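Notes to accompany the following structure.
The values are calculated or read from the model by the stated rules, or taken from the named source; none is laboratory data. Computed from a prediction, not measured in an experiment: that's the story for all the values here. Reconstructed Cβ throughout: ideal geometry from the backbone, glycine too, with neighbour counts over all protein chains shown. All accessible areas refer to the heavy atoms of the entire protein, side chains included, with ligands and DNA or RNA removed. Shrake-Rupley method; radii C 1.70, N 1.55, O 1.52, S 1.80 Å.
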Amino acid sequence: MINWKDRNAKVSRYFTVGEVIQNDDRRIPTSPQVQLNIIRLAWELDKVRAEWGAPIGVTSWHRPTAINKAIGGVANSPHIEGLAADIYPIGRDLMQFQTWLDARWYGRLGYGAKKGFVHVDLRGGKGFNSAGAKGTRWNY
């Protein structure tokens with residue numbers, strides 16, 4: 001059981017509650033479904049981290065509706081449901097990471113390297129090294 005109020009609590013092997021909520025208690029997920037979505041995405045990001053072989057930082061993960069609206073996120077953002085995260089490689093080239101991830105991420109992917117992140121998204125049920133057609137790609 002994850003203590004969502006403990007920022008140091010592990011959500012997965014590599015990621016903590018603090019990263020999920022961006023150290024902002026207003027972002028603590030209260031819905032059991034959102035909590036499960038976050039854990040599922042964390043497992044997929046663990047696979048990314050393990051294969052990439054270096055730490056990955058998070059610029060945005062779970063955003064409740066009010067926070068999503070305040071920052072100008074789209075109304076149906078998958079961040080609201082815990083299904084998306086904006087990530088970057090710590091100490092490594094972001095464009096290289098984006099290209100590497102594009103070849104391996106089968107969910108939806110947003111090319112945000114020019115803005116400091118890559119958006120990964122589980123909508124459609126696919127994640128890292130899945131199979132079949134890849135999800136939608138777009139530029140920020």
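The set of residues in the stretch 114-127 being crowded, with 20+ Cβ neighbours inside 10 Å and either in contact with a Phe, Trp or Tyr (Cβ under 9 Å, 6 or more places away or on another chain) or free of Cβ contacts under 8 Å to residues at least 24 places away in the same chain (or both) consists of PHE117, VAL118, HIS119, VAL120, ASP121, GLY127.
Here is a yes/no grid of residues against (1) in a loop (DSSP other than H, G, I, E, B); (2) farther than 17 Å from GLU44 by Cα:
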site	(1), (2)
HIS79	yes, no
MET95	no, yes
HIS119	no, no
GLY125	yes, no
ALA131	yes, no
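Using the structure shown, decide if VAL74 is touching a Phe, Trp or Tyr at 6+ places or on another chain (Cβ under 8 Å) and not in a helix (DSSP H, G or I). The answer is no for VAL74.
One residue alone among ILE71, ILE90 is in contact with a strand residue (DSSP E or B) (Cβ under 9 Å, 6 or more places away or on another chain), exposed (fewer than 13 other Cβ atoms within 10 Å of the Cβ) and at pLDDT below 95, and that residue is ILE71.
Given the criteria acidic (Asp, Glu) and within 11 Å of the chain's Cα centre (by Cα), does ASP24 qualify? Against the criterion (acidic (Asp, Glu) and within 11 Å of the chain's Cα centre (by Cα)), ASP24 does not qualify. The set of residues from the stretch 12-53 being open to solvent by 10 Å² or more (accessible area, probe 1.4 Å), in a loop (DSSP other than H, G, I, E, B) and within 27 Å of MET95 (Cα to Cα) comprises SER12, ARG13, TYR14, GLN22, ASN23, GLY53. If you go through the stretch 54-68 and keep only what is in contact with a strand residue (DSSP E or B) (Cβ under 8 Å, 6 or more places away or on another chain) and assigned to a loop (DSSP other than H, G, I, E, B), you end up with ALA54, PRO55, TRP61.
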